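Trainee: Before I ask anything, let me first share the structure, which is written out below as structure tokens.
The values are calculated or read from the model by the stated rules, or taken from the named source; none is laboratory data. Quick caveat, the model's predicted, so the values are computed rather than measured. When we count neighbours, we look across all protein chains shown, and the Cβ atoms used for this are built from the backbone with ideal geometry, even at glycine. Just so you know, the surface numbers come from the protein's heavy atoms only, side chains and all, with ligands and any DNA or RNA stripped out. Shrake-Rupley method; radii C 1.70, N 1.55, O 1.52, S 1.80 Å.
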Amino acid sequence: MAFKPVSGTRAFEMIAEQIRAQIEGRHLRPGDKLPPERELAVQFGVSRNAVREALRGLENAGLIGLQKGVHGGAFVLEPSEQPVLRSFRDMMALGSISLDHLTEARIGIMKVILDNAARRATPEALRRIERNIDATETALIARRDEELLELTAEFYHLLAEATQNPVLVLVITPIYEIVRRFVQAAGIHATAPVIVSRRAVLARLRARDAAGAIEEMNAHLETVHTAILRHFPEGSLPAIDDR
């Protein structure tokens, strides 16, 4: 690959744009390694510091990963929901997004997901959802709360995967992760009705009854919303130690 020389006080931005264009044009694909910093500096006609700053920006955007060591370097990453998650978290922390906004968006997106899943879900996709619900019920009986949170994240991920639309998979995961922060901070724990609700959603999907699945899901999401508001009436994002 060849890059054009750049100049100016914000050369790092032009460097980042050229690399981004290579990724968008599929000239660079996930797993591909960029040339070393020294070589990039020569191609762009800039200092290694400018290259390093551009690479850090691309790393923060989730486009590349920087690895140290003999076999390290800058590698193009697979698409990820992490940049979207960071953006959502930042907007909530700044007060740009409220819990009401989040729940409204979640209900709307789940409507699209369930409508598409009811039409497109394969038998194997539905079996994966059922196995997830079975595992959730087992974890609930054993009161393995952290595992329950992971299984809930997987449940929504599997529903989105059943649509066969990667955009919906990309969007639903960050939204759930923000809700998860509220649930953890409020000390809300899954109960038996959650299992009943998820099995009802699955039954509706198997019957290709999108409206019924949406109705079941909406009732659950409203219940969660009300439970969170009891602990955080203002609907602002609570601080959680991510360590």
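Trainee: Determine which member of the set Ala203, Ala190 is open to solvent by 20 Å² or more (accessible area, probe 1.4 Å), more than 22 Å from the chain's Cα centre (by Cα) and among the aliphatic types (A, V, I, L, M). Working first, answer last.
Mentor: Numbers: Ala190 fails: more than 22 Å from the chain's Cα centre (by Cα).
Exactly one of Ala203, Ala190 is open to solvent by 20 Å² or more (accessible area, probe 1.4 Å), more than 22 Å from the chain's Cα centre (by Cα) and among the aliphatic types (A, V, I, L, M), namely Ala203.
Let's see how each residue does on (1) outside any helix (DSSP H, G or I); (2) among the hydroxyl-bearing types (Ser, Thr, Tyr); (3) closer than 18 Å to Arg128 by Cβ; (4) touching a residue at least 24 places away in the same chain (Cβ under 8 Å):
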| position | (1), (2), (3), (4) |
| --- | --- |
| Leu151 | no, no, yes, no |
| His157 | no, no, yes, no |
| Thr163 | yes, yes, yes, yes |
| Val201 | no, no, yes, yes |
| Ala213 | no, no, yes, yes |
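Trainee: So if I check each of Asp90, Asp100, Asp115, which one is open to solvent by 50 Å² or more (accessible area, probe 1.4 Å), closer than 22 Å to Val171 by Cβ, modelled with pLDDT of 90 or more and not hydrophobic (A, V, I, L, M, F, W, C)?
Mentor: None of the other options fit; the residue is Asp115.
Trainee: Restricting to region 176-202, and then to whatever is in contact with a Phe, Trp or Tyr (Cβ under 7 Å, 6 or more places away or on another chain) and of a type outside the set (Phe, Trp, Tyr), can you tell me which residue is modelled with the highest pLDDT?
Mentor: Checked region 176-202; the qualifying residue modelled with the highest pLDDT is Arg198.
Trainee: Identify the residue in region 23-51 that is without any contact (Cβ under 8 Å) to a residue 40 or more places away in the chain and touching a strand residue (DSSP E or B) at 6+ places or on another chain (Cβ under 9 Å) and, among all such residues, is surrounded by the most Cβ atoms within 10 Å (Cβ to Cβ).
Mentor: Leu40
Trainee: Quick check on my filter: what residues within region 152-167 are surrounded by fewer than 20 Cβ atoms within 10 Å (Cβ to Cβ) and among the aliphatic types (A, V, I, L, M)?
Mentor: Once the filter is applied, which keeps residues that are surrounded by fewer than 20 Cβ atoms within 10 Å (Cβ to Cβ) and among the aliphatic types (A, V, I, L, M), region 152-167 yields Ala153, Val167.
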